[in-house]
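Notes follow once the structure below has been shown.
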Amino acid sequence: MVGKTIKDLKEMSQTEMIEYLDETVRPEEGSIPAYILGDANVYDLEHKKLFLKTWLFIGHESEIPNKNDYMLRDLGGYSVIITRSADGVIRGFYNMCTHRGMKLCRADKGNKSSFTCPYHGFNFKNNGDLVGVPLQKDIYGTDLDKSTLGLHKVRIESYKGLLFGTWNEDAEPLTEFLGDFKWYLDILVGRAEMEVVGPPQRFIIHSNWKVGADNFVGDSYHTMVTHGSIVKLGMVPSATYSKKGYQIHTENGHGLNLGTPNPDFAFPEELIPEYKSNLSEEQFDVLSNLKNMIGNIFPNISFLISHTKVKDKLISNTTMRMWRPVGVDKMEVISWFLVEKNASQDWKNRSRDSYILTFSPSGIFEQDDTEVFTDITAAASGPMPYMKELTYNYTMGMHREPVKDFAGPGVVYDDKFSEANQRNFYRYWLDLMKA
Ligand code: FES
Ligand code: FE
C-alpha cells in the first residue's frame with residue numbers, strides 16, 4: 001500500500017489507515033513518515049487509540065491542598081472536575097450534570113463543598129452525591145431516587161503527587177503504566193515534598209503535539225543550535241555542553257535525558273536530609289550530579305529540571321508541561337512550576353525566577369523551541385509528505401550499545417545525543433495505534 005497519495009489517505013477506512021501506518025512508521029529502521037504530524041485523519045485516530053485509552057496527566061495534588069478545593073482539568077479533550085472532599089479524598093468526575101447534561105462547573109478552580117447546576121439547580125456534593133433537587137417533593141413526588149443520580153466518576157490515580165486520569169476502565173494500574181520510569185520520577189517529584197506554585201501557565205503553539213513530546217523525550221542534539229545563543233551569552237561553557245550524560249528509555253514509550261555531571265549542587269542544601277530519606281543512595285547520587293533532566297511520560301506530559309544562575313548562584317527549577325492537542329496543528333501548552341515545599345522562601349523565589357528565565361512562555365529556551373515546533377508542523381501539513389513519501393531520519397545512535405553499569409533501570413546510553421528514545425516513543429505510539 002506504500003505510495004498512497006493525499007487523496008487516498010483521506011479516503012482510507014480505519015483498517016486501511018492502520019495498515020498504512022504499520023507499513024510506513026518504521027522506528028526500528030530509524031524512519032518516521034512526515035505525514036503523521038500533519039494528517040487530520042491520523043490525529044483523529046490518535047484521539048481514539050491514545051487519548052481515550054492511556055493514562056493522561058491532569059495535575060498535581062498540591063493544586064488542591066485544602067478540603068473542598070477543586071479544579072477543572074481536560075482529560076483527552078473533555079472536562080473533568082477534580083475535587084478534594086471533606087474526607088480528604090481526591091476524586092474525579094465527568095463535568096456533566098446527570099439531569100440533562102449541562103456542564104456543572106464552569107470555574108477553573110475554587111473551594112466549595114457542593115456544585116449547583118446552572119440549568120435547573122440540581123446540587124451535587126463534592127463526593128459526587130446528588131443532594132438537592134429544587135421542588136423535589138412537589139414535582140417528582142416520592143419517585144425520584146437521588147442515589148442513582150450521582151456524578152459520573154472518572155478513574156484517577158496518583159503517583160508521588162502526580163495525578164493521572166483515564167477514560168479506559170480496563171487500563172492497567174497507573175503504577176504499572178509508569179513501570180521502571182518511576183525510578184526517575186522519584187528524582188523529579190518524589191525527592192522531597194513538592195508543591196505547584198500558582199496556576200499553570202497556558203499558551204497556544206501552532207504545532208502538532210508530537211513535536212513537543214519528541215523534543216522532550218530525547219532531543220538534546222538541538223540545544224547546540226536552537227539554543228546556541230546561550231553559549232554566545234556565556235550562560236553555558238560550550239556548544240556540546242548538553243551532550244554529556246545519559247539517554248534512557250523504558251517500556252510504554254517513556255524516556256528522558258539526564259545531563260551530568262554538574263559542578264555545583266543546584267538544590268537547597270538544607271534539604272539534603274529530606275532528599276536522602278526519600279531517595280535510594282543511587283537516586284541521590286544522580287540528583288547530586290544532576291545538570292538537567294528532560295523527559296516525557298507517554299504520550300504528552302513532559303518534564304524538566306534545569307538550572308540557571310540567579311543572583312550568582314546556580315538554582316534549579318522543576319517544571320512539567322502538557323502538550324494538549326487541540327487540533328492536528330495546534331496545541332495548548334500547560335506549564336506547571338514545582339518547588340520543594342520545605343525550601344526557604346528566598347530559594348523558592350529564586351527557583352521561580354530560574355523557571356521564568358528559561359522555560360516559561362517568556363523564557364529564553366521556550367521561545368527558541370516554539371519557533372521550531374511551528375515550522376516543522378507547517379511543513380508536515382502540505383501535500384509533499386504524501387507525494388514523495390517524505391520521512392524523517394531517526395537513525396542517530398543506532399550503532400551504539402546500551403551501557404550495563406548505570407544504577408537506574410531501563411535502556412541506558414552513556415551519551416545524550418541519540419534518537420533511541422524517539423524510536424522507543426514511536427514504537428509504542430504505533431503499537432497503540434494498531435491495537
Ligand atoms: Fe442540571 Fe437540569 S441539567 S439540573
Ligand atoms: Fe529546546
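The values are calculated or read from the model by the stated rules, or taken from the named source; none is laboratory data. The shown structure was predicted, so the numbers you read here are calculated from the model rather than taken from an experiment. Every residue, glycine among them, receives a Cβ derived from its backbone with ideal geometry; neighbour counts consider all protein chains shown. The protein model used for the area step is the full one, side chains on, heavy atoms only, and it has no ligands, DNA or RNA in it. Shrake-Rupley method; radii C 1.70, N 1.55, O 1.52, S 1.80 Å.
Highest average first, the peptides 50-62, 354-366 ordered by how many other beta carbon atoms sit within 10 Å of their residues are 50-62, 354-366. Contact order, relative form, for the chain: 22 percent (alpha carbon pairs under 8 Å, 6 or more residues apart, mean separation divided by residue count).
Once you wrap a convex hull around the alpha carbon atoms of the range 1-145, what is its projected area averaged over all directions, in nm²? Walk me through the intermediate numbers first.
Numbers: hull surface 53.3 nm².
Reported value for the Cα convex hull: 13.3 nm².
Measuring nothing but how far apart in sequence close Cα pairs (under 8 Å, 6+ apart) lie, relative to its length, the range 368-435 scores a relative contact order of 24 percent. Listed by chain and number, the lysines whose alpha-carbon sits under 21 Å from that of residue 137, ignoring those within fewer than 8 places in the same chain, are 125, 146. Normalised by 2.2 N^0.38 Å, where N is the number of residues, the C-alpha radius of gyration of the range 105-195 stands at 1.56.
By the rule of a C-alpha distance below 17 Å, with chain neighbours fewer than 8 residues away ignored, the aspartates and glutamates paired with residue 112 are 61, 63, 69, 87, 129. Listed values for the range 100-114 are Karplus-derived 3J(HN,Hα) couplings in whole Hz (6.51 cos²θ - 1.76 cosθ + 1.60, θ = phi - 60°), namely 10, x, 5, 5, 6, 10, 10, 8, 5, 7, x, 9, 7, 8, 8, and x replaces Gly and Pro.
Among the trypsin sites (Lys or Arg not before Pro) found in the range 87-136, those both in a DSSP coil and sparsely packed, with 16 or fewer other Cβ atoms within 10 Å of their Cβ, are 100, 103, 106, 112.
Checking the Cα-Cα distances for 243/313; 48/341; 49/243; 53/109; 311/404 against a 31 Å cut-off, the pairs over it are 48/341; 49/243; 311/404. Measuring spread by the Cα atoms of the range 319-422 yields a radius of gyration and Dmax of 18.9, 58 Å. With a Förster radius of 30 Å applied to the beta-carbon distance between residue 119 and residue 40, the computed FRET efficiency rounds to 0.35.
Taking amide H positions as modeled 1.01 Å from N, with prolines and chain starts lacking one, the residues under 5 Å from residue 309 and 5 or more places away or on another chain are 315.
Once R0 is set to 25 Å, what does the formula 1/(1 + (r/R0)^6) return for the Cβ-Cβ distance between residue 8 and residue 398, expressed as a FRET efficiency to the nearest 0.05?
On the way: r = 31 Å, r/R0 = 1.23.
Efficiency, from the Cβ-Cβ distance: 0.20.
Can you give the net charge of the other residues whose Cβ lies under 11 Å from the Cβ of residue 363, counting K and R as +1 and D and E as -1?
That works out to -4.
Applying a 4.7 Å Cβ-Cβ cutoff to the chain, the cysteines left without a disulfide-compatible partner are 105. Across the range 420-435, rounded Karplus estimates of 3J(HN,Hα) from the backbone phi angles (6.51 cos²θ - 1.76 cosθ + 1.60, θ = phi - 60°) give 4, 5, 5, 5, 5, 4, 6, 4, 5, 4, 5, 4, 6, 4, 7, 5 Hz, Gly and Pro being marked x.
Normalised Debye scattering of the range 175-265 at q = 0.14, 0.17, 0.21, 0.24 Å⁻¹ gives log10 I(q)/I(0) of -0.75, -1.08, -1.30, -1.26, counting only Cα atoms as equal scatterers and leaving out solvent.
The distance from the alpha carbon centre of the range 185-261 to that of the range 336-399 is 7 Å, rounded to a whole number. Let me check I've understood the local charge: for residue 240, count other residues with C-beta under 14 angstrom from its C-beta, Lys and Arg +1, Asp and Glu -1. What total comes out? So the surrounding residues net to +3. When only Cα pairs below 8 angstrom with a gap of at least 6 residues are kept, the range 29-171 shows a relative contact order of 25 percent.
In terms of solvent-accessible area of protein heavy atoms at a 1.4 angstrom probe, what is the ranking of 347, 183, highest value first? Intermediate results must be reported in sequence, preceding the final value.
On the way: 347 25, 183 45 Å².
Descending accessible area places them as 183, 347.
Report the normalised scattering of the chain as log10 I(q)/I(0) at q = 0.07 Å⁻¹, calculated by the Debye formula with identical scatterers on the alpha carbons. Listed by q, the Debye log ratios stand at -0.37. So, in nm, how far is label residue 139 from label residue 405 when the simple model puts each one 7 Å beyond its Cα toward the Cβ? The two pseudo-label positions are separated by 7.5 nm. Helical runs (DSSP H, four residues minimum) scored at -39500 (n - 2.57) apiece and divided by the length of the chain put the mean residue ellipticity at 222 nm at -7500 deg cm²/dmol.
Give me the percent of accessible area attributable to carbon and sulfur for the chain, probe 1.4 angstrom. Don't jump to the answer; show the numbers that get you there.
Values: 9330 of 18570 Å².
Taking all protein chains in place, the chain shows 50 percent carbon and sulfur surface.
Distance from the alpha carbon centroid of the range 74-128 to that of the range 18-36 works out to 41 angstrom.
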